[in-house]
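Shown next, in structure tokens, is the structure this report addresses.
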Amino acid sequence: MSDGLLDDPRTRDAAVTVPRFPSESYPALDAWQLADERRLWNTLVSAGLGREHANSFLVVATQYGDEGTETRLWPEDQLTRFFNTRGRIERFATEVAMVRTGEDTVVVHRALLSDRGTPTSGSLTLLPDSEPYVEGSDLTQVLVSQPMRRAAFLAAWRRVVIAAHDGLPGGDWLIDAVPRNVRVDADGQLHLIDQEWVWRGECSVDAIVRRGVFLFVLDLVEAVPATDAGLTVRAMAEGIGVDMGLDGDWIDQAIAFEAELQCLVGGVVDGDGPHRRQEIAQALLARFASPVVDVQRARSRVPGPVGLELGARIDRLAVSEEVRTELERERADLRAEINVLRARLEETSEALARHERRAVALGDEVVRLQEHNQELERMYHEVLEQLQVAVTSRGWQMLESMRRFKGRIPRP
């Protein structure tokens with residue numbers, strides 16, 4: 001790719017779609033893989049810093065003619081050029097170039113062996129063509145980054161697939177009309193791109209939708225963290241399939257079709273064809289049966305002692321995460337119990353406060369009654385004293401009267 005691709009905001013996003021860039025690590029490389037190079041590269045490109053970073057470089061010499069005329073080995077109007085050869089037989093190998101023509105950018109697809117006629121294998125035909133570059137975002141990235149709008153975008157994508165087949169000859173199916181090959185422009189409109197494959201056999205819009213959802217799930221597993229340790233890839237796919245109206249054994253149908261398609265692309269048709277199809281199908285079935293966390297964990301593993309140690313550490317971290325999740329659940333339960341106990345404590349405190357206020361009131365009443373009782377006793381003693389005085393005074397008067405009476409009685 002040229003600096004012009006990364007300098008122009010209109011085409012910069014294409015730098016993240018170039019196949020196998022950044023390059024993959026060698027299978028035998030014993031090294032730590034602590035960062036996702038592709039995500040890092042996407043971030044640098046989005047920030048406008050892609051031109052300043054690379055994990056490899058190419059020196060292009062410039063040749064001058066006899067008269068000092070410059071001959072460019074890299075055309076000035078060429079933004080990027082790459083080749084699709086991995087996993088393809090020779091007849092299906094293609095060259096893709098982005099070329100700037102004035103204010104427009106054109107993506108040119110060309111079969112490397114175009115002089116040998118239309119590349120075909122069974123029901124699969126390669127029809128490379130040129131198309132205008134569509135500014136915008138990859139639909140897969142949009143589906144990953146905007147989960148709340150995922151169902152709406154997937155429904156819109158299905159409508160685009162239906163509309164794309166309205167003008168095609170009967171029996172021609174765009175089997176690569178999947179989210180990976182759909183661009184979303186600034187207005188939210190969807191555009192099919194890179195439609196070089198045509199299937200001329202038994203197919204349907206539903207089959208294309210099944211394949212698109214199937215491939216999107218594989219991309220989604222790589223892009224989002226798993227929140228449920230027990231969630232399998234198949235369960236994730238089934239959930240999205242329900243939103244798309246897919247039911248039954250659609251995943252198995254998609255896997256069987258993908259295995260057949262990959263065999264045709266790779267040229268494994270006769271002889272080892274059935275065995276190879278079975279191998280591909282079994283590998284895909286195993287992947288869909290795996291927990292999402294296991295699939296994501298496997299991405300960081302590398303062979304050799306360091307890789308094994310890294311894998312062991314990742315496994316321990318996964319176990320630690322499960323333990324942490326369980327502890328968080330227990331913590332939430334304890335927090336709920338504590339809240340109940342706190343509520344009960346508040347009720348008890350309020351009742352105790354009421355009883356204390358009642359006890360204080362009763363104490364005040366007892367003091368008042370005691371004071372009243374003392375007053376009654378004082379009054380009682382005063383009355384008693386007065387009575388004694390009165391009785392004593394009256395008694396003396398009666399004795400004196402008796403004496404006088406006795407003196408008046410005549411003696412015999």
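What follows draws every value from the coordinates through simple rules; no lab data is involved. No experiment lies behind these values; they were computed from the predicted model shown. Because the Cβ atoms are built from the backbone with ideal geometry, glycine has one as well, and the counts that use them run over all protein chains shown.
Here are a few things to note about the model shown:
- Computed with the Debye formula from one identical point scatterer per Cα of segment 73-194, without solvent, the log10 of I(q)/I(0) at q = 0.22 Å⁻¹ comes to -1.32.
- Footprinting exposure proxy for C263, C203 (fewest neighbouring C-beta atoms within 10 Å first): C203, C263
- Electrostatic bookkeeping for M244 treats Lys and Arg as +1 and Asp and Glu as -1; over the other residues with beta carbon under 13 Å from its beta carbon, the sum is +1.
- Fewest neighbouring Cβ atoms within 10 Å first, the residues D115, D7, D333 line up as D115, D333, D7.
- As a rough footprinting exposure proxy, the listed residues Y133, Y380 were ranked by other beta carbons within 10 Å of their own, and the order from fewest upward is Y380, Y133.
- Summing Lys and Arg as +1 and Asp and Glu as -1 over all other residues whose Cβ lies under 13 Å from the Cβ of R277 gives a net charge of -4.
- Its Cα centre serving as origin, segment 92-214 has a Cβ charge dipole (Lys and Arg +1, Asp and Glu -1) of approximately 500 debye.
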